[in-house]
Structures are given as C-alpha cells and as structure tokens.
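In what follows, a single structure is set out as structure tokens and then discussed.
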Amino acid sequence: MGLADFWRHLFGRASAEDDALLAALPVERPWRQRWEYLPKRSAGPDFTPRDYAEARARAREVARATLGDTLWDEAQRQGYLELPSRRFPGVTYRLRIGRRIEVRCARGVRPPWRQPFLCINPAYPLPEEEFFAHLYLYVRDREDQIIRVAAPQPWDQALGRTF
C-alpha cells in the first residue's frame, strides 16, 4: 500500500481491501532500533529525495495541526516560539526549528544551567518541523522531562537526528 492509500484510509475513504492491507502491515517501532550508524541529518541510505520531500511535507502538516494555525504562523514569521518556564521564574525557553533550545533569563534572574542552550535529539530520525512540535508540547506540558534529559551546551547548532 502506498502513502496515498494510507492517507485515504486515514481520512475515511478506504475500501475493505485497504483495511485488509493495513491490518497486514507491521507496526513500525523505530525507537527499538539503533540509529548511531546513520550520518547526522539523515534518515538512512534507503531514503530517496522524494522520501525526504514527502516526510517534510507531512511534518509541516503535523506541526501545524499540533500547534494550531496561529502558533505555526508565528513560528514561521519569527523563526521561533517562546514558552515561559513553569519551574524557574523569569526563565523562558526559545524553541527554533531544527536548533537547540535557547534558555533566556529576565534581567537579574540566575540561569538554572551554566550553559545557555539545551540539546535534545529525537531517539530516531525525524523531520525538523515534526520534532519542533514534539519539543513544544514537552516544554509546555512536561518541563520536568526536558530538565531531566536535556544536555546543557555552551553553543547553538543544528540537531543531529533531524533532517
């Protein structure tokens, strides 16, 4: 079954044959695999330019649906979204697509980390915009997870497992 067939199934325009095909497909569990062998910013050697384009197009749809039109448009216009910390008064997280999280502090506020950037990479390769939406939800709703897993870094750079 191709991607178009999957989308037809997802949006309720599937036939009984499509249902049978989907039921026969294995469930992907990419988090169970090891991805260290892949070059940074790659989804693997079997990903074609068309696969990348389709994955990025779907990622934009996921990000827009996750954030909503207003926040997504703001992220596109500004290049970032900011979320205030619920744990640290006066601290704001600046999220940018494909980049590390920037930790910004109000004047006179002591930073919770000695380094101004937090590095969090996905467990497996994802398009940048999709991972951006994941990070937004984590910072907004599960800040303790971010605090626990983020690696403070002294400089900014592109994330390693996004493309």
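Observations
- Residues that are surrounded by 11 or more Cβ atoms within 10 Å (Cβ to Cβ), within 20 Å of Pro127 (Cα to Cα), modelled with pLDDT of 75 or more and touching a Lys or Arg at 6+ places or on another chain (Cβ under 7 Å) do occur in the range 17-39.
- Restricting Arg94, Arg56 to those that are within 16 Å of the chain's Cα centre (by Cα) and under 26 Å from Pro39 (Cβ atoms) reduces the list to Arg56.
- Helices (runs of 4 or more DSSP H) contained in the range 46-163 and holding at least 3 residues in contact (Cβ under 8 Å) with a residue 60 or more places away in the chain: 49-67, 128-141
- Given (1) within 18 Å of Thr162 (Cβ to Cβ); (2) surrounded by 15 or more Cβ atoms within 10 Å (Cβ to Cβ); (3) out of contact with any Lys or Arg (no Cβ under 6 Å at 6 or more places or on another chain); (4) charged (D, E, K, R), number of the condition Arg94 does not satisfy: (3)
The values are calculated or read from the model by the stated rules, or taken from the named source; none is laboratory data. From a predicted model like this one, the values you see are computed outputs, not experimental measurements. Positions of Cβ are backbone-derived with ideal geometry, glycine not excepted, and every protein chain shown enters the neighbour counts.
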